[in-house]
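Asks: Let me give you the structure first, and then I'll get to my questions.
The values are calculated or read from the model by the stated rules, or taken from the named source; none is laboratory data. Please read all numbers here as calculations on a predicted model, not as lab measurements. We place every Cβ from the backbone using ideal geometry, glycine too, and count neighbours over all the protein chains shown.
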């Protein structure tokens, strides 16, 4: 079997709960190809349709990817030359994309050769023909920054999901450093404990604007000491008396097609089964119109509230306020809470045109 380098893959993974499956984030991943000929070379890109890596006991055990061949794109030419080359490559003389719309890569044998690096033997199927290939695969885990709150145990849950976790302090609030993280999660009541979070709010907003996701767990009040809290790019306040204390209160999905309920994990009503002590606490109100509020819930006899989960795209990233009691459900081992946390961290980045 010949060792072959076929394509350069830029892949970003998100974490699914079942058996530690890391699903590809197709909005952030691409394939760069180079085709060489006697008189020169051409380059371009392809997009993934789906893909995943599976881990068993923290070691890579399976992998498969599907490429949408109809997305074949030439990037080193423009106009007529670009269209002519793309048409030629998509024709039956080459990839025949009208008939063979997909190509697949399925791992058959996996051998660790260094930390995070594997030698892969795989079957590559293009245009209906399967051939064996060998290549080296280097994997870097998605990075999450965490700001400690009042005794919550989310850091352990984030690590269990397979993310690379870094505890952040005030000195770390430099944009260039924050940009190295895919998401930043703020612990419960952290904004009530640390005045610097309000002082550095614009730094976090810049981080979101440039593609980061910030997930803020509940605030106990709107104050830090005697001063008003500054949090997020858009305004909201918290109501310390607004909560859902019945752990089995019905949950209404107001926006069932929202990515938070669908990527990388499908969230359904059963994912809110077996919650402990309460559903939600310190809910938001006076909410800016930029926010989406995808769920509603209430205790028996109370008015429904949609202040348990706020999501606002900002620039290329997302800001989230979550008063759902994840800090209670995750230590209790609730699978639905783990799935929801992974989806919040993995909220898709915005495309700015």
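Asks: Please pick out the residue among 268, 277 that is in contact with a helix residue (DSSP H, G or I) (Cβ under 7 Å, 6 or more places away or on another chain), surrounded by fewer than 16 Cβ atoms within 10 Å (Cβ to Cβ) and outside the structural domain of residue 22 (by TED's automatic domain parsing).
Replies: None of the others qualify; the one that does is 277.
Asks: Looking at residue 238, is it over 19 Å from residue 330 (Cβ atoms), touching a strand residue (DSSP E or B) at 6+ places or on another chain (Cβ under 9 Å) and outside any loop (DSSP other than H, G, I, E, B)?
Replies: Yes; evaluated as a whole, the condition is true for this residue.
Asks: Residue 347 versus (1) closer than 19 Å to residue 145 by Cα; (2) in a helix (DSSP H, G or I): which is the lone unmet condition?
Replies: (2)
Asks: Could you check the stretch 59-166 for strands (runs of 3 or more DSSP E) lying wholly inside it with 3 or more residues that are touching a helix residue (DSSP H, G or I) at 6+ places or on another chain (Cβ under 7 Å) and in contact (Cβ under 8 Å) with a residue 40 or more places away in the chain?
Replies: It comes to 143-147.
Residue by residue, here is whether (1) in contact with a strand residue (DSSP E or B) (Cβ under 6 Å, 6 or more places away or on another chain); (2) at pLDDT 85 or above; (3) under 24 Å from residue 129 (Cα atoms); (4) surrounded by fewer than 18 Cβ atoms within 10 Å (Cβ to Cβ) holds:
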residue: 12; (1), (2), (3), (4): no, no, no, yes
residue: 23; (1), (2), (3), (4): yes, no, no, no
residue: 52; (1), (2), (3), (4): yes, yes, yes, yes
residue: 59; (1), (2), (3), (4): no, no, no, yes
residue: 65; (1), (2), (3), (4): yes, yes, yes, no
residue: 69; (1), (2), (3), (4): yes, yes, yes, no
residue: 77; (1), (2), (3), (4): no, yes, no, yes
residue: 88; (1), (2), (3), (4): no, yes, yes, yes
residue: 96; (1), (2), (3), (4): no, yes, yes, yes
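Asks: Let me ask something else. Test residue 257 against the criterion of being in the same structural domain as residue 158 (by TED's automatic domain parsing), free of Cβ contacts under 8 Å to residues at least 12 places away in the same chain and not in a helix (DSSP H, G or I), and give yes or no.
Replies: yes
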